[in-house]
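Below: one structure, written as structure tokens.
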Amino acid sequence: MEIEIEPDKLERNMRKAAKDLLKEHQCACICIALKMPGAKKGAVRAYFGANGDTGRTLLKAALNDGKVDNRTNWTTAEVTAALALMADNLVTYRSSKEGTAIVKKANWATHNCAESNLSLYLYKQGKQLKDFTLASYQLEGESCTYKPLCDNCVQWCRNQYKILDDYEAHSK
């Protein structure tokens, strides 16, 4: 779930990385998070998440590499339970204007998104989500385009990450 992106023409390189990942993993959504490089030279470490079963499979493999919690025995059930627990605990970061709980507003579970899988991975590594800029992507034919946050993710992602929001896809 870690990749490197060249900082020159960062937006273009993020989109290219997303397109390659979407094709490789055959999923509907890929999100990429990175710390903006500033004047730093060289490739930037970035992190990605995929949605659905593919995303959970990638997350399980990444959690089982021994770098996170020194564990190598995460089960699929444990990964799903950790995602559900994380989704339940994100309530404390929501705007009071929208109620007291993240509610299922899309046709899938609140923890089934690329953003959730990526967030759990970063959290388990001790990373602060607010330090990262997030962009989500999808394939439309052969083109890789920005994907708006789904109705589940829009409830919490903007409170956790910086979102590339100068683009139509992220301005709901």
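In terms of packing, defined here as the mean over residues of other Cβ atoms within 10 angstrom, the peptides 70-77, 15-22 line up highest first as 15-22, 70-77. Each Lys or Arg adds one and each Asp or Glu takes one away; over the other residues whose Cβ falls under 15 Å from the Cβ of Thr57, this sums to -2.
Dipole of the chain computed with +1 at Lys/Arg Cβ and -1 at Asp/Glu Cβ about the Cα centre; of Gly52, Thr110, Gln128, farthest Cα towards the positive end is Gln128.
By other beta-carbon atoms within 10 Å, ranking Lys60, Lys105 with the fewest at the front produces Lys105, Lys60. Look at Met36, Met86, Met1 and count the other Cβ atoms within 10 Å of each Cβ; fewest to most, that gives Met36, Met86, Met1. Just from its helices, what would the mean residue ellipticity at 222 nm be for the chain, if runs of 4 or more DSSP H residues each count -39500 (n - 2.57) and the sum is divided by every residue, rounded to the nearest 500 deg cm²/dmol? Calculated from helices alone, the mean residue ellipticity at 222 nm is -10000 deg cm²/dmol. How charged is the neighbourhood of Thr75? Take every other residue with its Cβ under 13 Å from the Cβ of Thr75, and add Lys/Arg as +1 and Asp/Glu as -1. Every neighbour counted, the sum reads +2. As a length-normalised measure over Cα pairs under 8 Å and 6 or more apart, the relative contact order of the chain settles at 25 percent. Cβ crowding within 10 Å ranks Phe48, Phe132 as Phe132, Phe48, fewest other Cβ atoms first.
Since every read-out is calculated from the coordinates, none of them should be taken as a lab result. Quick caveat: nothing in here was measured; it's all calculated off a predicted structure. Positions of Cβ are generated from backbone atoms using ideal geometry, with glycine treated the same way; all protein chains shown enter the neighbour counts.
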